[in-house]
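The values are calculated or read from the model by the stated rules, or taken from the named source; none is laboratory data. It should be emphasised that the depicted structure is a prediction, and the values quoted were computed from it without experimental measurement. Glycine also receives a Cβ, built like all others from the backbone with ideal geometry; neighbour counts cover every protein chain displayed. SASA here: full protein model, heavy atoms, side chains in, ligands and nucleic acids out. Shrake-Rupley method; radii C 1.70, N 1.55, O 1.52, S 1.80 Å.
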Amino acid sequence: MKAFSYERAGSAREAAAALLKTPNAKFIAGGTNLIDLMKLQIETPTHLVDVNGVGLDRIEPTEEGGLRIGALVRNTDLAADKVVRRDYPLLSRALVSGASGQLRNRATTAGNLLQRTRCPYFYDTAQACNKRVPGSGCAAMEGFNRTLAIVGASPACIATHPSDMAVALRALDATVETTDAEGRTRRIPLDLLYRAPGTTPHLETTLERGEFITAVTLPRPVGGTQVYHKVRDRASYAFALVSVAAIVQRDGSGAVALGGVAHKPWRKPEADAAMPQGAKAVVGQLLAGAKTSEHNAFKAPLVERALGAILADARARA
């Protein structure tokens, strides 16, 4: 690990200002991803701004009937919150399917959204990776890419986003709130938080330097049968090969988002519109134009079977 300096911020605005003062500074909260990357010298910040003391650790109702989740709410606390379990069970189920109990105790809401890919070529510093070293190439393209993207990728990068929580939040139409050093705020629909890899896969979000996530807001609960189905190599502590977050209403309408197939939680309005027609129609829309390899071609039929099981179960419960 490279040497770095450290400070604690007392407010979100102070944290944003502190980040701007030092080139190559990073925010740190739970540190469940960043510390690992620093040990591998994939991340080499010269300065860490500890944001654990800025007070954004509450879950509160919004005036619109939704929920506002502070950026520093720990994953364990969010999954166990009685309002989340009652009104947004999809989110609770996605959270408990991720990582381990110990990691969820430390991991925060904002950190979960901003965690970096688990592409093995990103973590192997002996391999070419445009996300780690821009312009170096992508060894995953011709390598063993079983876990990697089949939609939304580019010739420069086929990495996937690892978050389970983000997939559920995408299906629930979550919005990210931010502030900056001047106190200016933004509300960003979750889908617009993530950049497509294009020719610059090292640029992963639309956040400006120093912009600080303060909360995630959810709209009024939509009800329905809410299911998060994660397919992985081990029963626990493994990232998704594919995951399906689905909200199914009694009339067959609803929303579907996928994990493990793209650089971000993957959802399309035309796929949601096809839900009454069944899993094949939905997946046909979601994965239109998918580019697969001999290693990851299994993902498309796996998504269809997973969604088919969810829809059949929802019909049985109706």
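Give the accessible area for Ile59 in Å² (nearest 10); use a 1.4 Å probe, count only protein heavy atoms, and leave out ligands, DNA and RNA. Solvent-accessible area, nearest 10 Å²: 50 Å².
Suppose a student asked you for the relative contact order of the chain, using Cα pairs under 8 Å spaced at least 6 residues apart; what percent would you report? Numbers along the way, then the final one.
Details: 690 pairs, mean separation 55.0, N = 318.
Relative contact order here is 17 percent.
Computed from backbone phi with θ = phi - 60° and the Karplus coefficients 6.51, -1.76 and 1.60, the 3J(HN,Hα) list for region 26-42 is 9, 6, 9, 10, x, x, 5, 10, 4, 4, 4, 5, 5, 4, 7, 6, 7 Hz; x is used for glycine and proline.
Projecting label points 7 angstrom from Cα along Cα→Cβ for Arg186 and Ala318 puts them 4.0 nm apart. Taking the accessible area of region 1-56, probe 1.4 Å, and keeping the other protein chains in place, the carbon and sulfur fraction comes to 51%.
Have a look at the DSSP beta bridges in region 1-111 and tell me what percent are antiparallel, nearest 5.
Details: 4 of 12 bridges.
Just about 35 percent of them are antiparallel.
Length, then width, then depth: along the principal axes, the Cα atoms of region 157-229 run 39, 35, 14 Å. Can you tell which of Ala171, Ala300, Ala255 shows the greatest fluctuation in a Gaussian network model of the chain with Cα springs below 10 Å? In this elastic network of the chain, the residue with the biggest mean-square fluctuation among Ala171, Ala300, Ala255 is Ala300.
Taking a straight Cα-Cα cut-off under 22 Å and skipping sequence neighbours fewer than 8 places away in the same chain, the lysines within cross-link reach of Lys299 are Lys230, Lys264, Lys268, Lys280, Lys291.
Quick one: if the Förster radius is 25 Å, what FRET efficiency do Asp251 and Lys280 give, using the C-beta to C-beta distance and rounding to 0.05? Spell out each step's value before the answer.
Details: r = 19 Å, r/R0 = 0.76.
So the FRET efficiency works out to roughly 0.85.
Summing Lys and Arg as +1 and Asp and Glu as -1 over all other residues whose Cβ lies under 15 Å from the Cβ of Ala288 gives a net charge of +2. Take the convex hull of the alpha carbons in region 79-135; its mean projected area over all directions comes to 5.2 nm².
Whenever you get a sec, compute what percent of the accessible area on region 117-228 sits on carbon and sulfur atoms (1.4 Å probe). C and S atoms contribute 52 percent here.
Simple rule: put +1 on each Lys or Arg Cβ and -1 on each Asp or Glu Cβ in region 174-318, find the dipole, and look at Leu258, Phe298, Thr178; the Cα lying farthest toward the positive end is Phe298. Phi-derived couplings, Karplus 6.51 cos²θ - 1.76 cosθ + 1.60 at θ = phi - 60°, listed residue by residue for region 206-211: 8, 5, 7, 4, x, 6 Hz, with x used for Gly and Pro. In the chain, the DSSP-assigned H stretches of four residues or longer account for a calculated mean residue ellipticity at 222 nm of -7500 deg cm²/dmol, using -39500 (n - 2.57) per stretch and the full residue count as denominator.
When the convex hull of its Cα atoms is viewed from all sides, region 194-318 shows a mean projected area of 10.0 nm².
Restricting everything to alpha-carbon atoms, can you work out Rg to Rh for region 28-126 with a Kirkwood hydrodynamic radius? Mind dumping the intermediate values first?
Working: Rg = 15.3 Å, Rh = 14.8 Å.
Computed over Cα atoms, the ratio is 1.03.
Sort Glu64, Glu270 from largest to smallest accessible area, using a 1.4 Å probe on the heavy atoms of the protein chains. Show your work: numbers first, answer last.
Numbers: Glu64 125, Glu270 85 Å².
Heavy-atom accessible area, descending, gives Glu64, Glu270.
Restricting to Cα pairs below 8 Å that are 6+ residues apart, what does the relative contact order work out to for region 146-227? Please round to a whole percent. Dividing the mean separation by the residue count of region 146-227 yields 32 percent. Among Ala314, Gly289, Gly223, which residue has its Cα positioned farthest towards the positive end of the charge dipole of region 166-318, with +1 placed on the Cβ of Lys and Arg, -1 on the Cβ of Asp and Glu, and the dipole taken about the Cα centre? The residue sitting most towards the positive pole is Ala314. A cut-off of 5 Å between modelled amide H atoms, ignoring neighbours fewer than 5 places along the same chain, links Arg8 with Asp50.
Below 8 Å, C-alpha to C-alpha, sequence gap of six or more: please give me the relative contact order for region 191-262 in percent. Provide the component values of the computation, followed by the final result.
Working: 84 pairs, mean separation 14.5, N = 72.
That works out to 20 percent.
For the pair Tyr237 and Asn105, label points projected 7 Å from Cα toward Cβ lie 1.4 nm apart. Given axes a ≥ b ≥ c from the Cα gyration tensor, I'd like to know whether region 193-245 is rounded (a/c under 1.5), prolate (a/b larger than b/c) or oblate. Oblate, because a/c is 1.5 or more while a/b does not exceed b/c.
Of the trypsin sites (Lys or Arg not before Pro) found in region 1-68, the ones in coil according to DSSP and having at most 16 other Cβ atoms within 10 Å of their Cβ are Lys2, Arg58.
Helices that extend 18 Å or more along their long axis by alpha-carbon positions and average at least -0.5 on the Kyte-Doolittle scale are, among the DSSP H runs of the chain, 299-317. Once all protein chains are placed together, His229 keeps about 80 Å² accessible to a 1.4 angstrom probe. For Lys131, give me every one of the aspartates and glutamates with a C-alpha distance below 15 angstrom, ignoring sequence neighbours fewer than eight places off in its own chain. Correct list for Lys131: Glu43, Glu204.
Restricting to DSSP loop positions (anything but H, G, I, E, B) with no more than 11 other Cβ atoms inside 10 Å of their own Cβ, which GluC sites (Glu not before Pro) remain in region 84-191?
Working: sites: Glu142, Glu177, Glu182; in loops: Glu142, Glu182.
Those satisfying the criteria are Glu142, Glu182.
Can you work out the accessible area per residue across the chain, with the rest of the protein chains kept in place, probe 1.4 Å, in square angstrom?
Numbers: 14430 Å² over 318 residues.
Per residue, the chain has 45 Å² of solvent-accessible surface.
Restricting to the chain, compute how many DSSP beta bridges are antiparallel as a %, nearest 5. Kindly include the intermediate steps, with their values, before the conclusion.
Numbers: 35 of 43 bridges.
Of the beta bridges lying entirely in the chain, close to 80 percent run antiparallel.
Quick one: plug the Kirkwood hydrodynamic radius of region 123-275 (C-alpha pairs) into Stokes-Einstein at 20 °C, 1.002 mPa s, and report D in µm²/s. Estimated diffusion coefficient is 127 µm²/s. Estimated at the nearest 10 Å², the accessible area of Phe239 is 100 Å² with a 1.4 Å probe. Distances between placed amide hydrogens fall under 5 Å for Gly66 paired with Arg220, all partners being 5 or more residues away or on another chain. Each Lys or Arg adds one and each Asp or Glu takes one away; over the other residues whose Cβ falls under 11 Å from the Cβ of Ala255, this sums to +1.
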